[in-house]
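Before any comments, here is the structure.
What follows draws every value from the coordinates through simple rules; no lab data is involved. Worth saying up front: this structure is predicted, and the values here are computed from it rather than measured. Ideal geometry is used to build each Cβ from the backbone, glycine not excepted, and the neighbour counts take in all protein chains shown.
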Amino acid sequence: MRKILVVASLLALAVNVGACDSGGGGSSASGVSGSKQLVSLTSAEKGKLCDWSMAKFGGYGTRSSCSSPLFSYADQAACVADSPSPTSTPSCQATVAQMEACVNSLPACPTLTDVGSSSPCAALASC
């Protein structure tokens, strides 16, 4: 269970379960280099990844219509501030591509169970 909570915490960077009836959508990639480690992203790259992931699930500040929402951010700055860093998650080796695969594998209203059962999200467990 601890591993699932760690992955869910990392998804704070990438999951806003806002407009659950929207079914996600948008591009399958953020535009940030997929080979970059999450902990080595610049603030601008974190912002781009946040923007992409928030758009996938309804946008910033969207009230959740999900029964068990995971995370929601008012704006990009809040999302970036909550992202992995060398200080907060020094053992994190996950890449942008792995984060994108995790986000793309989740349903429109992801739960902790969805995150824990998604094999693409397992790559984020060290974060």
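Quick look at the values:
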read-out	value
Tensor-based shape of segment 68-127 (alpha-carbon gyration tensor, a/c under 1.5 rounded, otherwise prolate or oblate)	oblate
Which of Tyr73, Tyr60 has the fewest Cβ neighbours within 10 Å, and the rest in rising order	Tyr60, Tyr73
Placed amide H near Thr95: partners under 5 Å, 5+ positions off or other chain	Leu38
